[in-house]
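Presented below is the structure to which this report refers.
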Amino acid sequence: MKKDEVPQDLSSLGKITKELCYATDSSGKYVAALSSGWDVKITALDVAWGDIEKRIAAAKQKVLNKEASQLLFFMEYRLMDISILAGYTGFWKWQIKRHLKPEAFDKLSIQKLEKYAEAFNIKVEDLKSMTIHED
């Protein structure tokens, strides 16, 4: 692809960052060029984020239905799985699986809730109420 043909289709990420691509200049040499996005990639990212939003909504509904604790919601929201959350908190995976149950979560000490809140970069009150504050 020639340098002047590098796609510049604006996406939501294009406002934040640009992607480094390699293209050929007028003499046929490879040079670095910045792209703000291209349609195919934008569509793929939009589909992926749509799936993530559905998972977050499903997790929230499970919490409201008392099928899971607030941890599930924040794990989906922060794109974490049990292994990642275990790494951030120091809890064993089996402990986190147990804490995903509402009845176990409701009995957690303030120290354990603080570890979870710190891992999700929120306050304990927000963890309990599933409140998100976008910065």
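Rule-based calculations on the coordinates, nothing more; no lab input. Quick caveat: nothing in here was measured; it's all calculated off a predicted structure. Positions of Cβ are backbone-derived with ideal geometry, glycine not excepted, and every protein chain shown enters the neighbour counts.
A few comments on the model shown:
- Mean Cβ count within 10 Å, highest first, over the residues of peptides 69-76, 120-127, 108-115, 21-28: 69-76, 120-127, 108-115, 21-28
- Residue 61 sits among other residues whose Cβ lies under 14 Å from its own Cβ, and their net charge, with Lys and Arg +1 and Asp and Glu -1, is +2.
- Estimated purely from DSSP H runs of n ≥ 4, each contributing -39500 (n - 2.57), the mean residue ellipticity at 222 nm for the chain is -15000 deg cm²/dmol once divided by its residues.
- From largest to smallest, the equivalent ellipsoid semi-axes obtained for the chain from the alpha-carbon gyration tensor read 43, 16, 12 Å.
- Using C-alpha pairs under 8 Å with a sequence gap of at least 6, the mean separation divided by the residue count of the range 47-129 gives a relative contact order of 27 percent.
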